[in-house]
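To start, the structure under review is shown below, and the notes come after it.
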Amino acid sequence: MLGQWRLAWQLAQRFRRGRERSRFLSFISASSTSGIALGCMVFITGLSVMNGFSEVLQERFLKLVPHVEFNAVEGRLDYPETIFALATDHPEVTDAWPLIHTQALVQQGRDFVGVQVTGLDPEREHAIKDYLKEQQWSALTQPNTVILGSGLAQKLGVARGDSIRFVVAAERGFQAPKRMQLTVIDTFEFGGQFDHQLAYVNLATARDFVGLDSGFSTVALAVDDLFSAERVANEIGYQLRDYVYLEHWMRSQGHLYRDIQMVRMVMYLVLILVLAVASFNIVSTLVMTVQEKQRHIGILRTMGLRTSSLMQVFVLQGLQNGVFGVFAGVLAGVLLSLNLPLLLNALERLSGSTLLASDVYFVNQIPVLLDWPDVLVVAAVGLLMSLLATLYPAWQAARIDVVRAINA
């Protein structure tokens, strides 16, 4: 059996070297190899970018987005201690903290900018603390202080120590909007939309914003498994005495994750189609090789070469294009993925513009994460499509009439 495959490999090598005398066949063969290599390289890089976006969304973006929220229908929560008790007892909840959310306008001269204000307890740990200096975080305990996103601060033209005026609509009726003068104690640079949208104050200041004399309006939870957020929200929410709105990140930000997964699925489909098109050149090359080598095939069959061995010859000959293409494409794709951030940074410096606008997208740089299972999938698909492309020409070679082939 091993000797049969060795003979088939030697004949495949002879046919491949002999084919180099035909420039047209050599061009088609090179085109098939290049097409498979290019397809593998592009899709390894594309999937690495999709993995990067998914990682940023799960590991970084959702640090500032509560996984689960229980928001009071009106005013404040009457029984927040129940939520904290249930959260503490739930095995999948890792943390719980009080919040107050509201919308406001920041007035700077004659201009107004919309901002989402979040009131939190500076005595408790919060993810935004990692993007601030310790003394600035401690200063948030002082009344009428605010932390702004760097993009928002730049747009307003303010820096640390400056005062800005917030305008908040009245909660009820047609009362005049409330105006509050706050001092900027620091700015944070998280990257993406948050830098242009968020402002953080302490709970006391947030109560003045919304007109509460005590308490808070939201309890936020962090869960161990991000994808269990909806289930955890329902399990805890249905036991509450308060009337609350159940919110979780899959409802507010889930479209980002679904878009990433949809693009991944589309890329897999396109991968198969592109490699299939590239493999058609293998079919063309082998079909023309069969026509060119009919006399040689007839002689080999007369000398006793089996039909199965003849098919193995053309399968191995075609697979060489696929193997070379997959190897070159995988190598180029891995190298490009590992160096893509540097290349994109250089491109941004040369062009003087950013590829992702930080006020539009949730990240301001294209992230890349090379996932080796994706590399193996791309290589496997490339080899499989190359193998399938060899079957029809090999079958055609096995059906050649020996007498007509010798007399051709």
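Quick look at the values:
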{"read-out": "Residue list for the stretch 100-132, restricted to those being among the charged types (D, E, K, R) and more than 30 Å from the chain's Cα centre (by Cα)", "value": "R110, D111, D121, E123, R124"}
{"read-out": "Number of positions in the stretch 60-92 that are part of a loop (DSSP other than H, G, I, E, B) and open to solvent by 30 Å² or more (accessible area, probe 1.4 Å)", "value": "8"}
{"read-out": "Residue satisfying condition, being in contact (Cβ under 8 Å) with a residue 60 or more places away in the chain, open to solvent by 10 Å² or more (accessible area, probe 1.4 Å) and over 14 Å from E69 (Cβ atoms), within set R207, R231, R165", "value": "R207"}
{"read-out": "Members of the stretch 85-100 found to be touching a helix residue (DSSP H, G or I) at 6+ places or on another chain (Cβ under 6 Å) and closer than 14 Å to H126 by Cβ, listed by number", "value": "A96, I100"}
{"read-out": "The lone exception for N144 - which of (1) over 18 Å from V210 (Cβ atoms); (2) surrounded by 14 or more Cβ atoms within 10 Å (Cβ to Cβ) it fails", "value": "(1)"}
{"read-out": "Pick from the stretch 236-260, criterion touching a residue at least 24 places away in the same chain (Cβ under 8 Å) and loosely packed, with under 14 Cβ neighbours inside 10 Å, ranking: nearest to L86 (Cα to Cα)", "value": "Q239"}
{"read-out": "Exclusive hit being out of contact with any strand residue (DSSP E or B) (no Cβ under 6 Å at 6 or more places or on another chain), open to solvent by less than 50 Å² (accessible area, probe 1.4 Å) and under 20 Å from H248 (Cα atoms), set A127, A96", "value": "A127"}
{"read-out": "Residue within the stretch 220-233 that is over 20 Å from the mean Cα position of the chain (by Cα) and part of a loop (DSSP other than H, G, I, E, B) present", "value": "yes"}
{"read-out": "Positions within the stretch 34-92 being small (G, A, S) and touching a residue at least 60 places away in the same chain (Cβ under 8 Å), in sequence order", "value": "S34, G35, A37, G39, G46, S48, G52, S54, A72, G75, A87"}
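For every residue, the table says whether it meets (1) in a loop (DSSP other than H, G, I, E, B); (2) among the polar types (S, T, N, Q); (3) modelled with pLDDT of 75 or more; (4) out of contact with any helix residue (DSSP H, G or I) (no Cβ under 9 Å at 6 or more places or on another chain).
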{"residue": "R295", "(1), (2), (3), (4)": "no, no, no, no"}
{"residue": "R301", "(1), (2), (3), (4)": "no, no, no, no"}
{"residue": "A332", "(1), (2), (3), (4)": "no, no, yes, no"}
{"residue": "N345", "(1), (2), (3), (4)": "no, yes, yes, yes"}
{"residue": "D359", "(1), (2), (3), (4)": "yes, no, no, no"}
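The values are calculated or read from the model by the stated rules, or taken from the named source; none is laboratory data. Nothing here was measured: the structure is a model prediction, and the numbers come from that model. Note that each Cβ is placed from the backbone with ideal geometry, even for glycine, and that neighbours are counted across all protein chains shown. These area figures cover heavy atoms from the full protein model, side chains too; ligands, DNA and RNA do not enter into them. Shrake-Rupley method; radii C 1.70, N 1.55, O 1.52, S 1.80 Å.
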